[in-house]
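Asker: Take a look at the following structure, please.
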Amino acid sequence: MTLTIGALRAEPGQKTRGTLPADLGTTTVDVPLILVNGSRPGPRVVITGGVHGGEFIPVDATTRLAGLLEPDEIAGQLVICPVSNPPAVYGGRLNISPLDGVNINRVFPGDKDGGPTDRMAAWLFEHLIDGADAYIDLHSGGIDQHLLDFVGYRLTGDAELDAKNKAMAHAVGYELVIFGTSADGGNSHAAANRQGIPAILVETGQLGDRAPATVRRLLDALYRILHHLGAIEASEHIKQPTVQPRDWIWTGDVESPVAGLWYPDAVTGDEVTEGQTIGRIIDPVDGTEHKITATATGKIVYNMNGLSVRPGTHLAAIAAPHH
C-alpha cells in the first residue's frame with residue numbers, strides 16, 4: 001500500500017523525506033517527516049522526537065534512524081518525525097512552547113480550533129498517530145532535569161491493549177519500566193491508548209545531553225522495539241539488553257508551591273520516604289525558606305536541576321517497584 005501523509009507519498013520499497021505545513025492559527029510551521037514504506041507487509045509504526053524543546057537525544061536518534069533504515073529492511077510502514085513541535089524545539093529550550101507557554105504533552109490529542117500548541121497536538125494526531133499500529137514517543141531529560149532512563153506505559157482497562165503496551169515497554173531493554181494506572185491525561189501515549197493504539201514513552205539521557213553514546217543507547221532501544229513489533233528482522237544491529245526490565249509504578253509528584261530558588265537535598269536515584277524533606281525553596285528577596293517534602297515513598301526518577309522555580313514547577317517524580 002502507498003503511504004500517504006498530506007502531500008508526501010512513499011510507494012512500497014520507497015523512502016520519502018520532506019516537510020508538511022501545520023497551521024497553528026497565529027503562525028504556520030514546517031514539520032519534518034521521513035516515510036519508510038517497507039518492501040513487504042507489516043505494522044505501521046510511528047516514532048516522534050522533538051515533542052519538547054531542550055530534549056536533544058530523541059531529535060538526534062530519530063534523524064539517524066531515518067538515515068540508517070532502508071525500505072528493503074522494513075516490513076510495514078515507518079513514519080519518523082524528528083521535530084514534532086518546531087516552535088518548542090527551535091524557539092525554546094524547555095517543555096513549553098514560546099508561542100503560548102503550553103506544554104504540548106499535557107494537551108494531547110489537542111484541539112484543532114484551540115491555541116497554537118493545542119493545534120500542533122491535533123495536527124500530529126490527525127496526520128501521524130491516527131491509524132498507527134504502534135506509537136513510540138521519545139523524550140529525554142531537558143537542560144534543567146536530572147533523569148534516570150525509563151520507559152512509561154499506561155494501564156487502560158483493556159487487557160489486550162495493556163498486554164501490547166507492556167510488551168512494547170519491556171522490549172525497549174531499560175531496567176525501569178514505569179506504568180500509570182489509567183490512560184487519563186494529556187500525554188501523547190495516553191491519548192493514543194484512548195484511541196486503541198498501543199503506545200509507550202521512552203526517556204533517555206538528562207540535562208540536555210547530546211552525547212553520541214547516549215544517542216547510541218536510544219538507537220539500540222529503537223532497533224529492539226522495531227524487532228519486537230515485527231518491523232525489522234533480527235540482525236547484528238540488534239544488541240541484547242544488559243539489564244532485566246522491571247515494572248515500577250508512579251507513587252508521587254512534587255510541585256513547587258511558590259516562586260523562588262530551589263535547593264534540593266535529595267536527587268535523582270535517591271530513595272525517599274513520604275514526608276521526608278527533599279529540598280528547600282528560598283525567597284531571593286527576604287530569604288524566607290519553604291521546606292519541600294516527598295509526597296510518597298520510593299525512588300526519585302527525575303528532579304529539577306534548575307535554580308529558579310515558580311508555582312507548579314515539577315520538582316520531582318517518585319516511583320516504587322511493583323510487586
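Asker: Give me the residue from segment 170-208 that is touching a helix residue (DSSP H, G or I) at 6+ places or on another chain (Cβ under 6 Å) and without any contact (Cβ under 8 Å) to a residue 60 or more places away in the chain and, out of that set, surrounded by the fewest Cβ atoms within 10 Å (Cβ to Cβ).
Answerer: Ranking the qualifying residues of segment 170-208, first place goes to ALA171.
Asker: Going by what's in this entry, would ASP130 be described as farther than 25 Å from ALA234 by Cβ, touching a residue at least 60 places away in the same chain (Cβ under 8 Å) and either out of contact with any Cys (no Cβ under 9 Å at 6 or more places or on another chain) or surrounded by fewer than 21 Cβ atoms within 10 Å (Cβ to Cβ) (or both)?
Answerer: yes
Asker: Taking segment 214-268, which residues are assigned to a loop (DSSP other than H, G, I, E, B), touching a helix residue (DSSP H, G or I) at 6+ places or on another chain (Cβ under 8 Å) and either modelled with pLDDT of 95 or more or farther than 27 Å from PRO43 by Cα (or both)?
Answerer: LEU229, ILE232, PRO245
Asker: Among the listed residues ILE318, ILE278, identify the single one that is crowded, with 18+ Cβ neighbours inside 10 Å and under 25 Å from the mean Cα position of the chain (by Cα).
Answerer: Matching residue, one of ILE318, ILE278: ILE318.
Asker: Follow-up. Is it the case that THR204 is of a type in the set (S, T, N, Q), closer than 30 Å to LEU307 by Cα and in contact with an Asp or Glu (Cβ under 8 Å, 6 or more places away or on another chain)?
Answerer: For THR204, the condition - of a type in the set (S, T, N, Q), closer than 30 Å to LEU307 by Cα and in contact with an Asp or Glu (Cβ under 8 Å, 6 or more places away or on another chain) - is met.
The values are calculated or read from the model by the stated rules, or taken from the named source; none is laboratory data. All values derive from a computational prediction rather than experimental measurement. Every residue, glycine among them, receives a Cβ derived from its backbone with ideal geometry; neighbour counts consider all protein chains shown.
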